[in-house]
Amino acid sequence: FVRAALVPQVEGVVSPFEVREVAPEEMKPSDLDGMDVVLFLNVLKLPAEVTAGGGLQSPLGRFVAAGGGMGLICGSKVLPEEFNKTFGDLAPCTLVRRAMAAGDPPVVINQVDLRHEVFGEFAQPHTGDFSLAEFTQYFLVSHSLRADVPARFSNRDAHPVLLERVFEQEGDSGP
């Protein structure tokens, strides 16, 4: 679904993105070379050589510290303990547990900061309605105070949908 979103097969549409897929278990530090953004979609864990050294000292951490983007999208394969061990200090939060039990009513996204660059395209009328997508599962998180939360779910506690953490880049004086 990410490839279709970033590189749509629509006549007359030229995408500015080039997508390269690498199976998580086959990823090597050299796969980060020349990349602007790495998306981890429903990844249980990564090879030790990608996370060796931990945090910003790992190859993945050095990629982020040098200004590379990293996105984490959790799904059915993700186990909180393994996720926390794999992504540790690079993640904007710590996963605690799945938030919903079977049979719980779905939640929708009902709080969105349209000033955020991810959502800016939706600031104009008739450009999308986030409340149409229903979610039957997500993760509760902790240690998210180091992150901004530009979108939240409709549940009573307004749990985060999207968390963002910006690292100070090498040589920069700010985040």
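The values are calculated or read from the model by the stated rules, or taken from the named source; none is laboratory data. All figures in this text were calculated on a predicted structure; none of them were measured in a lab. Quick reminder, even Gly has a Cβ in these numbers, built from the backbone with ideal geometry, and neighbours come from all protein chains shown. Note: areas computed on protein heavy atoms with side chains; ligands, DNA, RNA excluded. Shrake-Rupley method; radii C 1.70, N 1.55, O 1.52, S 1.80 Å.
Shape analysis of the range 48-175 yields a ratio of the Cα radius of gyration to the Kirkwood radius, Rg/Rh, of 1.00. Couplings 3J(HN,Hα) of the range 46-60, computed from phi: 10, x, 4, 5, 7, 10, 4, x, x, x, 6, 8, 7, x, 5 Hz, in residue order, whole Hz [Karplus 6.51 cos²θ - 1.76 cosθ + 1.60, θ = phi - 60°; x for Gly and Pro].
For the chain, the mean residue ellipticity at 222 nm estimated from helices alone is -3000 deg cm²/dmol, where every DSSP H run of n ≥ 4 contributes -39500 (n - 2.57) and the total is divided by all residues, rounded to the nearest 500. Between Val96 and Ser30, full extension at 0.36 nm per residue minus the direct alpha carbon distance yields a gain of 20.6 nm. How many percent of all Cα-Cα pairs in the range 45-108 sit more than 18 Å apart? Tail fraction, whole percent: 43. Within the chain, the longest run free of exposed loop sites, counting chymotrypsin sites (Phe, Trp or Tyr not before Pro) that sit outside DSSP helix and strand states (H, G, I, E, B) and have at most 14 other Cβ atoms within 10 Å, spans 18-175. Of the accessible area of the range 114-173, computed with a 1.4 Å probe over protein heavy atoms only, carbon and sulfur atoms account for 48 percent.
Between Ser131 and Ala48, the modelled labels are 5.1 nm apart [label points 7 Å from Cα along Cα→Cβ].
Charge dipole of the chain (Cα centre as origin; +1 on each Lys and Arg Cβ, -1 on each Asp and Glu Cβ, all else neutral): 540 debye, rounded to the nearest 20. Rounded to 0.05, the FRET efficiency of the Ser142 and Gln57 pair, given R0 = 25 Å and the Cβ-Cβ distance, is 0.60.
The peptide list 20-28, 158-166, put in order of mean Cβ contacts within 10 Å with the highest first, becomes 158-166, 20-28.
In units of the compact-protein estimate 2.2 N^0.38 Å, the range 42-82 shows a Cα radius of gyration of 1.23. Between Leu162 and Ala151, the built amide H atoms are under 5 Å apart, and every one of these is 5 or more places off in sequence or on another chain. Label separation (Arg3 vs Val37): 1.8 nm, computed from points 7 Å beyond Cα along the C-beta direction.
Taking 7 Å steps out from each Cα toward its Cβ at Ser15 and Ala66 produces label points 2.4 nm apart.
Taken per residue, the accessible surface of the chain reaches 66 Å², heavy atoms only and a 1.4 Å probe.
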